[in-house]
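Every read-out reported here was derived from the displayed coordinates using simple, explicitly stated rules and does not represent laboratory data. Because the structure is predicted, anything quoted here is derived from the model rather than measured. Reconstructed Cβ throughout: ideal geometry from the backbone, glycine too, with neighbour counts over all protein chains shown.
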Amino acid sequence: MSSVSVFLPCRKGSERIPRKNIKPFAGIEHGLIEIKLRQLLGAERVEAVHLSTNDDEILDFAATLGAGKIIPHKRCEKLSSSSTSTDDLVAHALGLVGRDRHILWTHVTSPFVGAALYDEMIETYFAKQRDGYDSLMSTNVIHGFLWNEDGPVNYDRAKEKWPRTQTLALIHEINSAAFIAPSSVYSEQADRIGLNPFKFGMDKVVGMDIDWPEDFALGEQMISAGLATL
């Protein structure tokens, strides 16, 4: 049974939500990092979790889990600033995980993506490789009237001004919950997806990204109301 190694970047110093990654969330003492590590530990197809962070508080918490599956790494400050781009982390991820691996890049800010869904995405990734896809990325599927400054992007008003939403072309919004690719993509293309990624669609609740204070509050409220589960 094929498995993957996880790259989990977790930077200290969130500007929008102080201590975002480890502050209590929905009654969970260590918040998003605790939720995500437990989800990844519960995923059968995950072989190892490479936790890359410059936050000593997160490293200390991870050590309490006593799981050999978690491989902590104290990230250098050069790769931990607010100006560090995702592109800068691609080589870092490859260096941690190593070559001849399949890498699942995920984030603690996707708390509603649990162990079973990770296993499903991994299984889908390997199955889709046989169909010619070289990677997988998770998306939120949008059914709606989308415009840019030039007008509609997913329908033609010259043909029908207001088509039924069911007939609109689907738009995929990358939600950053998961990117899966072989390490060769990282080394040869300096990217976390290949040239032909499979788009793994999710509903907007499951694919929610906790990025802003209102997201944090909304996520807690959804759990309290039974609209989302961890």
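Can you give me the P(r) profile for region 47-132? Cα pairs, bins 5 angstrom wide beginning at 0, each as a whole percent.
P(r) over region 47-132, rounded to whole percents: 3, 10, 18, 23, 23, 14, 6, 3, 0.
Among PHE216, LEU136, ILE71, whose Cα projects farthest towards the positive end of the dipole of the chain, with charges put on the beta-carbon of Lys, Arg (+1) and Asp, Glu (-1)?
Checking the options against the dipole of the chain, the answer is LEU136.
For region 13-72, just list the percent of Cα-Cα distances falling in each 5 Å bin from zero outward, please.
P(r) over region 13-72, rounded to whole percents: 4, 18, 29, 26, 15, 7, 2.
What is the distance in Å between the Cα centroid of region 85-148 and that of region 157-180?
First find each Cα centre; the distance between them is then 20 Å.
At 222 nm, what value in deg cm²/dmol follows for the chain if DSSP H runs of at least 4 each add -39500 (n - 2.57) and the sum is divided by all its residues, to the nearest 500?
Per the formula, -9000 deg cm²/dmol.
Straight-line reach only, C-alpha to C-alpha below 24 angstrom: list the lysines that LYS12 could link to, leaving out same-chain residues fewer than 8 apart.
LYS12 reaches LYS20, LYS23, LYS36, LYS69, LYS74, LYS78.
Note down the net charge around TYR186, summing +1 for each Lys or Arg and -1 for each Asp or Glu among other residues with Cβ under 14 Å from its Cβ.
Around TYR186, the surrounding residues sum to -3.
In which sequence would ARG101, ARG38, ARG157 go, from the one with the fewest C-beta neighbours within 10 Å to the one with the most?
Listing ARG101, ARG38, ARG157 from fewest to most nearby Cβ atoms yields ARG157, ARG38, ARG101.
Work out the length of the dipole vector of region 78-151 about its Cα centre, built from +1 on the beta-carbon of each Lys and Arg and -1 on the beta-carbon of each Asp and Glu, and round it to the nearest 20 debye.
Its charge dipole is roughly 300 debye.
Apply the Karplus curve 6.51 cos²θ - 1.76 cosθ + 1.60, θ = phi - 60°, to the phi angles in region 138-146 and return the couplings in whole Hz, x for Gly and Pro.
8, 9, 9, 8, 10, 10, x, 8, 10
For region 64-113, what Kirkwood radius comes out of the mean inverse Cα-Cα distance, in Å?
13.1 Å
Provide the convex hull volume over Cα atoms per residue for region 95-230, in Å³.
Convex hull of Cα atoms, per residue: 168 Å³.
What per residue convex hull volume, in Å³, do the alpha-carbon atoms of the chain yield?
154 Å³
Between PHE198, PHE61, PHE25, which gets the highest mean-square fluctuation from a Gaussian network model of the chain, Cα cutoff 10 Å?
PHE61
Can you pull a Stokes-Einstein diffusion coefficient for region 112-169 at 10 °C (1.306 mPa s), Rh from Kirkwood over Cα pairs, as a whole number of µm²/s?
Diffusion coefficient, whole number: 110 µm²/s.
Under the classification rounded if a/c is under 1.5, otherwise prolate if a/b is larger than b/c and oblate if not, where does region 39-92 fall, given a ≥ b ≥ c as square roots of the Cα gyration tensor eigenvalues?
Oblate shape, in that a/c is at least 1.5 and b/c is the bigger or equal ratio.
What Kirkwood Rh does region 148-191 have if only Cα atoms enter the pairwise 1/r average? Answer in Å.
When all Cα pairs of region 148-191 are included, the Kirkwood radius is 14.0 Å.
Would you list, by chain and number, the aspartates and glutamates whose Cα falls below 19 Å from the Cα of LYS159, excluding same-chain residues fewer than 8 positions away?
ASP150
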